[in-house]
Amino acid sequence: MALASAFNTAIRGRDAELAALGEQLAQVRSGSGSVLLIEGAAGMGKSRLIAEGVRMAERLSLPAGIGAAEPSESVAELAPLLRALFDGPQPLLDRAGLSSLDMAPEQRYWRLQELESQLERAAMGSPLLIFLDDVQWVDSGSAAAVRVLAPRLASFPIGWVLTMRPDQGPAHVRSAVEYLAAEGAERLVLEPLQQAAVAQLATDAMQAQPDETLLRMAGEAGGNPFLLVELLEGLRQEDLVRVDSGLARLTAYKVPDRISASMRERLDRMSESARRVATVAGSLGRTLSASDLAQMLGVPAASLLRSVEELIEAGIVRERGEQLGFQHDLIREAVRTACAPSVRRALDRQAADVMLARGALPVEVAIQLAASAEPGDEVAITTLLAAAEALATTDPGASADLSRRALELAPERHPLRGPLVVQAAMSLHAAGRIEEGKAFADDAMRQVLPVAQEAEVRLGIAGMWLVSPDVRVHASREALKLPGLAERLRLAHLAKLAYNLVVAAGRTDEAQAVLSDAVAAGGRLDRVARFPLALSEGGLHYMDGDFTRALERFETILRDEFADPHGLDELLTRLWRSQALLALDREDDALHELDGIIAESLKRGFSWFLHVAEITRGQMLLELGRVEDASVLNGRFDPHGPPVVTVMDASGVVALGRLALHTGDDREVRQTTEIAKAMLNESTPGVRRHAAWLLSLQATAEGDLRQAHQWLCAMGESDRNMCVRGSGRTWPTSHRSCESPSPPATASSPKAPLRMRTDAPNSVPAFRRLTRLLLTPRDCSTAISTRCRRP
């Protein structure tokens, strides 16, 4: 639905200022004089407040006069004050009563005496309100008149409302304002609108609720009401917003032409040097220094003083400590779009060199270089690679984009094409852009990288714990297809492949075959391969239910230092060890091990592993019936957050869902249900099985055994027989077919996965009501099979 015609918004976010105006009118009506000083930057709504004050006076039948100063009248004696007093449809004073004294400054004393007398007579008949706008531009006579008349007439019902820009205007104006404040005038400072007021204005403008993107763009106006209204009106006029079902959605994130045209008009009214400074400043970032400006323009810094002052007075630029900056992001963007794209691009490229020369970091100029550089630009290629490397861990998506842009700039056979391909491939996978990363790796790496280097990159992808095991499996399988692959790399990939097949849960036969190949090829003697091989062997023992042998294998890895004793591999082994200890009923040892892992993760700065360790600890506490302590799982997963692609996170979701069922947290039950349904679409079997198991538990809790049966059978017979316990351990289940009935099982079936302590503070009736959920996956599967049939 297209938007309607222009809007007329109410004043938003100025309740305190409107209240102050109301109080002043009440004071004047009661017979006392008052002075209200309103300060605010350009566009902050000073004139709008005056207009509202005049309307309030009209509703109370109070005479009001308005005078606005103009920069061009700064030498016209008393011009704005006389307009306020003698102009308008109902002037406050009768011009005929004014003497014929000329307006020379030397006659000012007598003129003020005459004005004072006329105001006294008028105020005796009715209260008066005098509004003077943009006082920073008044002439010295008007400044002197207000300074003298307001205090002298304080006993008469005359209200003065003066608006001005802070810290602007000549000395005589600032002195008059400070004098009035010292004499008791009330002073208001208009601050930028708060977010709530911005949202209200956007709602008024669009006659609908703005979406997050529209609110984000509105926020670029910096809370400036005039600029915000101009932006919203421009978005409406140019059909950049559409309203559907009461929601206003931004269709394109761009500054409306209305804003750019308005900025061009403002710049056209300024001097040539000020226009040039503003245009160049737009390419130097949100904040800049006078020396950067001077270097860009090729002039001494001192020559910029007048131009910068002009921009400050116009409200385009402001001082930020020792730096300069645009008043708002929207103003900067409007200044940039006001010049030709080719000019802007050239200035951006020049500005990047200036910023790099003064020591800016590559990430600070990367976006600008990416947009402005031409093919073959050596500085841009080098800088973009450095920025991509710096962002690889904190913002892998941006790292990937910068790497690929640098590749576009680098000619064939450029020495940095190899490193750029490596960085792009790794960052795409780390950012979760898996399909894009696979396609890029399969295409770009084959074209650019030698076999050995491609295998190294794929080895790195195979070791990324934050991506799906299936993606890691794909990386190793593709590497093993490479012709002429060195034996050491082949062994490393076989070992990684074995481990990733283990953690994919359910691909144990494949894992065992790969493991045998790696061992036969001498993998246990290879320094790189021996750790993932040993961990794979331990994992396979664990999944086969041989927890004693699994524990022995994990302890051998730690004792013989197969893993770096200060790295992630060691912590991963300890995590497996804690699970084996719990499976062997060594609960205190398991929790002690996890506490050590958490402490080491904090000490070493491994934030992601800290997340995994804390989730695992929450699962253990749930297994032990310490439900209150297990509440650390709450809030760990968000249905609107990143997808769950690893088995570790999947088991955490199951634990959180079980916790929600036990505590009656309906909101968390709904959220984990939503996450589990999304997990069913993942390629990793272990993730899907966790999802099916949790959904089956939730259906059982609701008494819908048929639906629970369907969730277990949805993935087929083999997957139904691999139900995953909420702790993350894989357990064998009944081999009965989904279609076949089985002997009945009761709610008192043994082997409850939650070993409840009788003294646990959370042993509440909720657990008794959910006894059916305390069955093992095997018992639950059997129970469901006896009570329902597949349709």
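The values are calculated or read from the model by the stated rules, or taken from the named source; none is laboratory data. Note that the coordinates shown come from a computational prediction; the quantities given were computed from them, not determined experimentally. Cβ atoms come from the backbone with ideal geometry, glycine included; neighbour counts cover every protein chain shown. The area values use the complete protein model at the heavy-atom level, side chains included, leaving out ligands, DNA and RNA. Shrake-Rupley method; radii C 1.70, N 1.55, O 1.52, S 1.80 Å.
For this structure, a couple of remarks:
- Segment 395-416 - residue that is part of a loop (DSSP other than H, G, I, E, B) and of a type outside the set (Gly, Ala, Ser) and, of those, nearest to residue 362 (Cα to Cα): 395
- Taking residues in segment 111-130 that are closer than 10 Å to residue 157 by Cα, and partners anywhere that are assigned to a helix (DSSP H, G or I) and open to solvent by 30 Å² or more (accessible area, probe 1.4 Å), the pairs with Cβ atoms closer than 7 Å and at least 6 places apart or on different chains are 127/29.
- Meets criteria (farther than 30 Å from residue 330 by Cα and in a loop (DSSP other than H, G, I, E, B)) for residue 58: no
- Scanning segment 172-189 for residues that are open to solvent by less than 70 Å² (accessible area, probe 1.4 Å) and either over 10 Å from residue 143 (Cβ atoms) or touching a residue at least 40 places away in the same chain (Cβ under 8 Å) (or both) yields 177, 180, 181, 184, 185, 188.
- When residues of segment 190-210 are limited to those that are open to solvent by 30 Å² or more (accessible area, probe 1.4 Å) and outside any helix (DSSP H, G or I), the one nearest to residue 261 (Cα to Cα): 192
- On inspection, residue 577 fails the criterion of being closer than 26 Å to residue 508 by Cα and touching a His at 6+ places or on another chain (Cβ under 8 Å).
- Within the set 459, 482, the sole residue that is assigned to a loop (DSSP other than H, G, I, E, B) and at pLDDT 85 or above turns out to be 482.
- Cβ-Cβ distances below 7 Å connect the following pairs, each with a first residue in segment 309-338 that is aromatic (Phe, Trp, Tyr), a second residue that is open to solvent by 20 Å² or more (accessible area, probe 1.4 Å), and a separation of six or more residues or different chains: 326/286; 326/332.
- In segment 644-668, residue farthest from residue 467 (Cα to Cα) [restricted to those that are surrounded by fewer than 16 Cβ atoms within 10 Å (Cβ to Cβ) and of a type outside the set (Asp, Glu)]: 664
- Condition met for residue 288 (open to solvent by less than 60 Å² (accessible area, probe 1.4 Å), touching a strand residue (DSSP E or B) at 6+ places or on another chain (Cβ under 8 Å), modelled with pLDDT of 90 or more and not charged (D, E, K, R)): no
- Entry remark, segment 337-351: residues being in a helix (DSSP H, G or I) and open to solvent by less than 40 Å² (accessible area, probe 1.4 Å) number 4 in total.
- Top-ranked residue of segment 485-515 - restricted to ones that are within 42 Å of the chain's Cα centre (by Cα) and assigned to a loop (DSSP other than H, G, I, E, B), ranked as surrounded by the most Cβ atoms within 10 Å (Cβ to Cβ): 505
Residues checked against (1) on the phi > 0 side of the Ramachandran plot; (2) surrounded by 19 or more Cβ atoms within 10 Å (Cβ to Cβ):
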{"site": "522", "(1), (2)": "yes, no"}
{"site": "529", "(1), (2)": "no, yes"}
{"site": "552", "(1), (2)": "no, no"}
{"site": "562", "(1), (2)": "no, yes"}
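- Scope segment 532-575; condition among the hydrophobic types (A, V, I, L, M, F, W, C), in a helix (DSSP H, G or I) and within 39 Å of the chain's Cα centre (by Cα); matching residues: 535, 568, 571, 572, 575
- Within segment 18-38, considering residues that are open to solvent by 20 Å² or more (accessible area, probe 1.4 Å) and under 43 Å from the mean Cα position of the chain (by Cα), the one farthest from residue 203 (Cα to Cα): 23
- Residue within segment 154-166 that is open to solvent by less than 30 Å² (accessible area, probe 1.4 Å), part of a helix (DSSP H, G or I), aliphatic (A, V, I, L, M) and in contact (Cβ under 8 Å) with a residue 12 or more places away in the chain present: no
- If the condition is being farther than 26 Å from residue 17 by Cα, at pLDDT 85 or above and surrounded by fewer than 18 Cβ atoms within 10 Å (Cβ to Cβ), then segment 44-89 contributes only 87.
- Residues considered: 437, 397, 418. Of these, the only one that is closer than 18 Å to residue 465 by Cα, more than 23 Å from the chain's Cα centre (by Cα), open to solvent by less than 40 Å² (accessible area, probe 1.4 Å) and not hydrophobic (A, V, I, L, M, F, W, C) is 437.
- Flag if residue 243 is among the β-branched types (Val, Ile, Thr), modelled with pLDDT of 90 or more and open to solvent by less than 70 Å² (accessible area, probe 1.4 Å): no
- The lone exception for residue 312 - which of (1) closer than 22 Å to residue 371 by Cα; (2) assigned to a helix (DSSP H, G or I) it fails: (1)
- Selection within segment 647-681 - among the charged types (D, E, K, R) and out of contact with any Pro (no Cβ under 7 Å at 6 or more places or on another chain): 649, 658, 665, 666, 667, 668, 670, 677
- Close pairs (6 angstrom Cβ cut-off, 6 or more residues apart or separate chains): farther than 22 Å from residue 462 by Cβ in segment 548-577, polar (S, T, N, Q) anywhere: 558/573
- Residue match in segment 540-548 (condition: under 19 Å from residue 495 (Cβ atoms) and of a type in the set (Ser, Thr, Tyr)): yes
Residue-by-condition table, conditions (1) part of a helix (DSSP H, G or I); (2) open to solvent by less than 60 Å² (accessible area, probe 1.4 Å):
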{"residue": "592", "(1), (2)": "yes, no"}
{"residue": "597", "(1), (2)": "yes, yes"}
{"residue": "611", "(1), (2)": "yes, yes"}
{"residue": "620", "(1), (2)": "yes, yes"}
{"residue": "635", "(1), (2)": "no, no"}
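- Considering 409, 311, 356, 304, the condition of being surrounded by 14 or more Cβ atoms within 10 Å (Cβ to Cβ), under 30 Å from residue 447 (Cβ atoms) and touching a helix residue (DSSP H, G or I) at 6+ places or on another chain (Cβ under 8 Å) is satisfied by 409 alone.
- Unique residue being among the hydroxyl-bearing types (Ser, Thr, Tyr) and surrounded by 22 or more Cβ atoms within 10 Å (Cβ to Cβ) when the list is 283, 273: 283
- Hits in segment 369-394 - residues which are crowded, with 17+ Cβ neighbours inside 10 Å, more than 23 Å from the chain's Cα centre (by Cα) and not in a helix (DSSP H, G or I): 373, 377
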